[in-house]
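Asks: Right, I'll just put the structure down here and ask away after.
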Amino acid sequence: MAKPELFELSNGRITVRLTNVGAAITSLLVPDSEGNVADVVLGFDSLDAYVNDNAPYFGCIVGRVANRIKDGKFTLNGVDYSLPINNGPNSLHGGNKGFNKVFWEVIDHPDGGIPAITFKYHSKDGEEGYPGEVTVTATYSLPSSNSLKLEMEATPSGKATPINLAQHTYWNLAGHNSGDILGHSIQIFSHHITPVDRNSIPTGEIAPVKNTPFDFTQENKIGSRIDQVPGGYDHNYVLDYSEEKSGLKHVAKVKDSSSSRVLNLWSDAPGVQFYTANYVNGVSGKEGSIYQKHAGLCLETQGFPNAINQPNFPNIVIQAGERYKHTMLFEFSVE
């Protein structure tokens, strides 16, 4: 029987702890401008909580399809599929037992060289209502003194299937237990969002952010206009083709002035869900902390929400034998 386990990658400057439950990041220690180290991700002390109590999806990889699918329904190659409804009228983050709740196998954790670990999961045909088998791998590594890299790959066999993996870590650069992130500044390298209906499903439109509270093309405090967004931010941004680094687009820059910690995120995904922990409400977290609304922020690079039902959105269907790839690079600095 698989059991929850904890693993560590460290390079002397960054230390990241991970569990085989949901291939999740449970803690990430980085220094501030004075060299003081803090854990900058929300999470639980107990690994069992990642199995049983992780309603906010702290730290984990979500799939087979991240984000929302309208009414939990889609049609592919003439076949109608119905998925578990677990978020209002929608199917969210892969269903009742998505990739975040399963035990992944560790297939590589080399000694020496670049600190790295590879998790693997085999999803069965029909699992949570999805067609076809899928073999998924997630490799976390520390390629430089100030960066964490995640490389996700998935290959379906037997049938085509939608695939959209996302990493759901909640960041608080002042420290996981430091209060809300409304004072953090963020710049998102995007001029458009996909507006949503009252059930958080995109309407299909691609709307400019200019002159709206969604405009973070220039660095701005997260809390500066959040009161104009009912509930808070939980929206997909269409990423610009901005500057690149090793084939990855600049997604966002987040800064906490109290610690001077900065996070720059790079990815090859078409969108990013910017989420301000609107539904986190009195969650018991690490070291006795209680996480409240806006205690962290998520930057979930992804295919667009409900893309399987929106022909004008980038395709998320992967054919049998083809390979899905999604890479994220998190760079930490101080300024």
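Asks: For the stretch 107-137, give me each residue that is in a strand (DSSP E or B) and out of contact with any Lys or Arg (no Cβ under 8 Å at 6 or more places or on another chain). Step through it out loud before you land on a result.
Replies: Of all residues in the stretch 107-137, those in a strand (DSSP E or B) come to 107-108, 116-123, 133-137.
Passing the criteria: Asp108, Ala116, Ile117, Thr118, Phe119, Lys120, Tyr121, His122.
Asks: A further question on this structure: Regarding Glu300, is this residue at pLDDT 95 or above, open to solvent by 50 Å² or more (accessible area, probe 1.4 Å) and touching a His at 6+ places or on another chain (Cβ under 9 Å)? Break it down stepwise before answering.
Replies: Numbers: at pLDDT 95 or above: yes; open to solvent by 50 Å² or more (accessible area, probe 1.4 Å): no; touching a His at 6+ places or on another chain (Cβ under 9 Å): yes.
Against the criterion (at pLDDT 95 or above, open to solvent by 50 Å² or more (accessible area, probe 1.4 Å) and touching a His at 6+ places or on another chain (Cβ under 9 Å)), Glu300 does not qualify.
Quick grid of which residues meet (1) within 18 Å of Gly285 (Cβ to Cβ); (2) of a type outside the set (Gly, Ala, Ser); (3) in contact with a helix residue (DSSP H, G or I) (Cβ under 7 Å, 6 or more places away or on another chain):
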| position | (1), (2), (3) |
| --- | --- |
| Arg13 | no, yes, no |
| Gly22 | yes, no, yes |
| Ser33 | no, no, no |
| Asn36 | no, yes, no |
| Val41 | yes, yes, no |
| Ser46 | yes, no, no |
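Asks: Just a yes or no: is a residue in the stretch 69-92 surrounded by 23 or more Cβ atoms within 10 Å (Cβ to Cβ), of a type outside the set (A, V, I, L, M, F, W, C) and touching a residue at least 60 places away in the same chain (Cβ under 8 Å)?
Replies: No.
Asks: Please determine whether any residue of the stretch 143-160 is open to solvent by 20 Å² or more (accessible area, probe 1.4 Å), part of a loop (DSSP other than H, G, I, E, B) and of a type in the set (S, T, N, Q).
Replies: As a first pass, look at the stretch 143-160 and keep what is open to solvent by 20 Å² or more (accessible area, probe 1.4 Å): 143-146, 149, 151, 153, 155, 157-159.
Subset that is part of a loop (DSSP other than H, G, I, E, B): 145-146, 158-159.
Within this subset, residues satisfying the condition of being of a type in the set (S, T, N, Q) are 145-146.
Within the stretch 143-160 (the criterion being open to solvent by 20 Å² or more (accessible area, probe 1.4 Å), part of a loop (DSSP other than H, G, I, E, B) and of a type in the set (S, T, N, Q)), the answer is yes, since at least one residue qualifies.
Asks: What number goes with the only condition from (1) farther than 30 Å from Thr155 by Cβ; (2) of a type in the set (A, V, I, L, M, F, W, C); (3) in contact with a helix residue (DSSP H, G or I) (Cβ under 6 Å, 6 or more places away or on another chain) that Ala277 does not pass?
Replies: Ala277 satisfies every listed condition except (3).
Asks: Has the stretch 293-312 got any residue that is of a type outside the set (Phe, Trp, Tyr), without any contact (Cβ under 8 Å) to a residue 60 or more places away in the chain and within 25 Å of Ala49 (Cα to Cα)? Before the answer, list the steps.
Replies: Within the stretch 293-312, the subset of a type outside the set (Phe, Trp, Tyr) is 293-303, 305-312.
Remaining after also requiring without any contact (Cβ under 8 Å) to a residue 60 or more places away in the chain: 311.
With within 25 Å of Ala49 (Cα to Cα) added as a condition, the list becomes none.
No, because not a single residue in the stretch 293-312 is of a type outside the set (Phe, Trp, Tyr), without any contact (Cβ under 8 Å) to a residue 60 or more places away in the chain and within 25 Å of Ala49 (Cα to Cα).
Asks: With the checklist (1) in contact with a Ser or Thr (Cβ under 8 Å, 6 or more places away or on another chain); (2) part of a strand (DSSP E or B); (3) not aliphatic (A, V, I, L, M) in hand, flag the one item His176 doesn't pass.
Replies: Unmet for His176, out of (1) in contact with a Ser or Thr (Cβ under 8 Å, 6 or more places away or on another chain); (2) part of a strand (DSSP E or B); (3) not aliphatic (A, V, I, L, M): (2).
Asks: A follow-up question, please. Of everything in the stretch 242-287, what is within 13 Å of the chain's Cα centre (by Cα), open to solvent by less than 10 Å² (accessible area, probe 1.4 Å) and closer than 13 Å to Asn172 by Cα? Give them in sequence order.
Replies: Residues satisfying the conditions are Thr276, Ala277.
Asks: Provide a single number: the residues in the stretch 6-48 that are open to solvent by 10 Å² or more (accessible area, probe 1.4 Å), in contact (Cβ under 8 Å) with a residue 60 or more places away in the chain and over 21 Å from Asn264 (Cα atoms).
Replies: Number satisfying all stated conditions: 3.
Asks: Hey, another quick one. Find all pairs meeting these conditions: Cβ atoms under 6 angstrom apart; at least six residues apart or on different chains; first residue within the stretch 221-241 and among the small types (Gly, Ala, Ser); second residue outside any strand (DSSP E or B) and open to solvent by 30 Å² or more (accessible area, probe 1.4 Å).
Replies: Here the result reads Gly223/Leu182, each pair linking the stretch 221-241 to a residue that is outside any strand (DSSP E or B) and open to solvent by 30 Å² or more (accessible area, probe 1.4 Å).
Asks: If you take the residues of the stretch 199-241 that are at pLDDT below 95 and loosely packed, with under 12 Cβ neighbours inside 10 Å, which of them is farthest from the chain's Cα centre (by Cα)?
Replies: Looking at the filtered set, the residue picked out is Pro230.
Asks: Quick one: Tyr170 ticks every box in (1) open to solvent by 60 Å² or more (accessible area, probe 1.4 Å); (2) in contact with a Cys (Cβ under 7 Å, 6 or more places away or on another chain) bar one, so which box is it?
Replies: Only one criterion in (1) open to solvent by 60 Å² or more (accessible area, probe 1.4 Å); (2) in contact with a Cys (Cβ under 7 Å, 6 or more places away or on another chain) is unmet by Tyr170, namely (1).
Asks: Cβ-Cβ distance below 6 Å, separation of 6 or more or different chains: which pairs start in the stretch 184-203 with a residue that is at positive phi and end on one that is part of a strand (DSSP E or B) and surrounded by 21 or more Cβ atoms within 10 Å (Cβ to Cβ)?
Replies: Ser200/Arg68
The values are calculated or read from the model by the stated rules, or taken from the named source; none is laboratory data. Every value quoted in this text rests on a predicted model; they were computed, and no experiment measured them. Positions of Cβ are generated from backbone atoms using ideal geometry, with glycine treated the same way; all protein chains shown enter the neighbour counts. Calculation scope for accessible area: heavy atoms of the full protein, side chains included, ligands and nucleic acids excluded. Shrake-Rupley method; radii C 1.70, N 1.55, O 1.52, S 1.80 Å.
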